[in-house]
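Here is the structure we will look at, set down as structure tokens.
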Amino acid sequence: SQQGEEDPQALSIQEGENATMNCSYKTSINNLQWYRQNSGRGLVHLILIRSNEREKHSGRLRVTLDTSKKSSSLLITASRAADTASYFCATVENSGYSTLTFGKGTMLLVSP
Amino acid sequence: NAGVTQTPKFRVLKTGQSMTLLCAQDMNHEYMYWYRQDPGMGLRLIHYSVGEGTTAKGEVPDGYNVSRLKKQNFLLGLESAAPSQTSVYFCASRPQGSVSYGYTFGSGTRLTVV
């Protein structure tokens, strides 16, 4: 069953603006990951945040995690047209061979 | 470094036909996964393997079989294809050890069953 639920389902912004996507999940997790998928392509790992971390940065990406609310957000600053893609959050639970469970994704359109 | 390679990239099958999707990785990863992606559904796990000779069921395993005879290869088989198996299939891998590793995905196989 789906673990994460992204919000919004679709987001349209202009180049230079910031894009914020949210993810909610249901169970206790070991870590939460964000992936990008360009149209017709595979998924690319962007960033991983562990359950004992609250915020993490990577270039123009900023991820926050609130385990008390079971939610995460991905902020992309100064968006570019090349950021146009679908973004998925995925969670890993605390068990030996725990696998990634994905949400349904947010489609981001960045217009020039 | 090729990463994760999936073959074929596209395939059209008739209902009842069989086929095998091949996933190959050159990163010496222990863990490998097969997901399917359907519109509006995100990715769902079909089967996975935690090492050569091992396989385990995921969320949606019915109608599929897998084999991991070699560490670098993970095969997904459809014995009797059904239209409900029309989907995009993704293979992924990650190193052994901590669960705090991102997955490396292949570029996908688009399968249509008519």
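The values are calculated or read from the model by the stated rules, or taken from the named source; none is laboratory data. What you see is a predicted model, and the numbers here were worked out from it, not measured in a lab. Accessible surface areas use protein heavy atoms only, side chains included; no ligands, DNA or RNA. Shrake-Rupley method; radii C 1.70, N 1.55, O 1.52, S 1.80 Å.
Before moving on, here are some points about what is shown:
- Beyond 24 Å in Cα-Cα separation lie the following of the pairs A:K26/B:K57; A:K70/A:K104; B:K14/B:K70; A:K69/A:K104; B:K9/B:K71; A:K26/B:K9: B:K14/B:K70; A:K26/B:K9.
- Note on chain B: GNM, Cα springs under 10 Å; of B:Q85, B:Q17, B:Q37, the largest mean-square fluctuation is that of B:Q17.
- Going from the isolated chain to the complete set of protein chains, region A:1-40 loses at least 10 Å² of heavy-atom accessible area (1.4 Å probe) at A:S1, A:Q2, A:N30, A:N31, A:Q33, A:Y35, A:Q37, A:G40.
- Residue among B:M32, B:M19, B:M41 with the largest mean-square fluctuation in a Gaussian network model of chain B, springs linking Cα atoms under 10 Å: B:M41
- The residues of the protein assembly as shown expose on average 46 square angstrom of accessible surface per residue, using a 1.4 Å probe on protein heavy atoms.
- For the chain pair B and A, the buried solvent-accessible surface (1.4 Å probe, both sides summed) amounts to about 1800 Å².
- Across chain B, Cα-Cα distances exceeding 24 Å account for 18% of all pairs.
- Comparing the full protein assembly with the isolated chain, the residues of region B:56-100 losing at least 20 square angstrom of accessible surface (1.4 Å probe) are B:E59, B:F90, B:V99, B:S100.
- The protein assembly as shown pair-distance distribution - Cα-Cα, 5 Å bins, rounded %: 1, 7, 15, 18, 19, 16, 12, 7, 3, 1, 0
- Rg/Rh, computed from the Cα trace of chain A with Rh as the Kirkwood radius, has the value 0.96.
- Across chain A, the relative contact order, built from alpha-carbon pairs under 8 Å that are at least six residues apart, equals 39 percent.
- Taking the 1.4 Å solvent-accessible surface of the protein assembly as shown as the whole, the part contributed by carbon and sulfur is 49%.
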